[in-house]
Each structure stands twice: as C-alpha cells, then as structure tokens.
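Undergrad: Can you read through this structure? Questions will come right after.
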Amino acid sequence: MAGDPSTELMLRVRDGDAAAFEQLVGLWQNRLVTLFLHHTGDHATAEDLAQEVFLRVYRARAGYKPTAKFTTWIHTIANNAASDLRQRSYRRREYGVPTNVSASSSALGLEQIAVAASGLLPARIADRTELQAVVQQALAALNERQRMAVLLAKFEQCSYDEIAAAMDISVPAVKSLLFRARDQLREAITPYMQGDAP
C-alpha cells in the first residue's frame, strides 16, 4: 500500500505522530460526514458518526497494519459505526425512547445514488420534487445493509471486493445486496415513471 497518502499518514499515527492524525482527519472528515449524511439524512448524526470513526481509528492505531487498502479499513470502521447506531436506535424504539434518525429522514440526500443505481430515470422529468419524494421513499424502504452497499458502490466508488471487506461479507453477498436494492428501487420507481402512481 506504499504511495497511498492515507496509509502513510496512518503509519505515522501508529508511531505516535499527532500532526499526522490531524492531517488524516483533515483528509477524511468531509468525506466521512458526507457518506454518513447520505446514510442517515441528518447532519448532526453524520458528524457524530464521523467523530466516532476517528476515535476508533485513534484507539486502533497501535495495531494498525497496512495489509489492506486504507479506504477498505476506514470503510469497515464506518460500517461498524453505522451498524452500532442502528442497533442503538432499534433499542431506543424498542423501549419507547425517541431517536434522532427517523425512517423518513434516513434516505435524505440519496436521490442521486438511487438515480445511478436504478438506471431508470430519463433526463426529461417534469416534476423533480415529486420524483425526489418517490426516490426518498424507495430508499427509506431499503434495509440498512442494502443502503450501505449502495452508498459504498455508488458514492465511494468501491469495488465489490472493497465493499465485501468493509461490510465483512462475501463478494456474492455484496452482489446480492446490490441486486436486491436496485430491484426494490426499480419496483418502487417504475410506476411513477410509467405514470401509474396514484
């Protein structure tokens, strides 16, 4: 992984270089916040999750080994942080405590990813607002693992192998998640595209 600036910085962080950690945060902060914003639809939650990733990176610094691409390593941490948030949110709902991330807000900002994922949307759409609402509903219906796979594939341009490593699943499982996600998006959006929507 020589030549990757993030890997080089992380190796310096591992050796106790605080300035390198600041540089690493500067390099990845906006990217992670944007990734989580697309995932959760809530800017405060996205910033909290990015902060959590950096805390986990810092805590894991002593054991860091550049055996995989740095992007795969940090996306694995990001996926785990998002999964932990999902579990905490589920427990809050289970016990009746309100949570910040609502089902309707969970897909905000994902319209462009859905457009890329579905491949169904023609350039001439009369009512963009209505379309965005349809897409947001379709994305909200995806499960968290499907949404994360779509984000990594379309937003982060990760390969199947990188997504598999980040999500700790097999490449065929990644392909299956993406296939089902695209199929669900297509099914939800097609009636709108054909003018059959109520």
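The values are calculated or read from the model by the stated rules, or taken from the named source; none is laboratory data. Computed from a predicted structure; not experimentally measured. All Cβ positions, even for glycine, are placed from backbone atoms using ideal geometry, and neighbour counts span all protein chains on display. With ligands, DNA and RNA removed, areas are computed over all heavy atoms of the protein, side chains included. Shrake-Rupley method; radii C 1.70, N 1.55, O 1.52, S 1.80 Å.
Undergrad: Considering only residues that are touching a helix residue (DSSP H, G or I) at 6+ places or on another chain (Cβ under 9 Å) and open to solvent by less than 50 Å² (accessible area, probe 1.4 Å), look in the range 123-135 and name the one that is modelled with the lowest pLDDT.
TA: Residue satisfying both the conditions and the ranking: 125.
Residue-wise test of (1) at pLDDT 90 or above; (2) closer than 15 Å to residue 151 by Cβ; (3) open to solvent by less than 70 Å² (accessible area, probe 1.4 Å).
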| position | (1), (2), (3) |
| --- | --- |
| 26 | yes, no, yes |
| 32 | yes, yes, yes |
| 40 | no, yes, yes |
| 53 | yes, yes, yes |
| 56 | yes, no, yes |
| 60 | yes, no, yes |
| 70 | yes, no, yes |
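Undergrad: So which of 153, 164, 138 ends up being at pLDDT below 85 and either small (Gly, Ala, Ser) or within 14 Å of the chain's Cα centre (by Cα) (or both)? Show your work before the answer.
TA: Working: 153 fails: at pLDDT below 85; 164 fails: at pLDDT below 85.
Answer to the check: 138.
Undergrad: While we're on this one: Would you check if there is a residue in the range 172-181 being free of Cβ contacts under 8 Å to residues at least 24 places away in the same chain, part of a loop (DSSP other than H, G, I, E, B) and open to solvent by less than 70 Å² (accessible area, probe 1.4 Å)?
TA: Checking the range 172-181: not a single residue is free of Cβ contacts under 8 Å to residues at least 24 places away in the same chain, part of a loop (DSSP other than H, G, I, E, B) and open to solvent by less than 70 Å² (accessible area, probe 1.4 Å).
Undergrad: Take the residues of the range 72-90 that are over 22 Å from residue 5 (Cβ atoms) and of a type in the set (A, V, I, L, M): which is modelled with the lowest pLDDT?
TA: Here the residue is 85.
Undergrad: So which of 162, 144 ends up being open to solvent by less than 40 Å² (accessible area, probe 1.4 Å), touching a residue at least 24 places away in the same chain (Cβ under 8 Å), closer than 17 Å to residue 35 by Cβ and among the acidic types (Asp, Glu)?
TA: One residue alone meets the criteria, 162.
Undergrad: Follow-up. Within the range 35-48, count every residue that is in contact (Cβ under 8 Å) with a residue 24 or more places away in the chain and in a helix (DSSP H, G or I).
TA: 8
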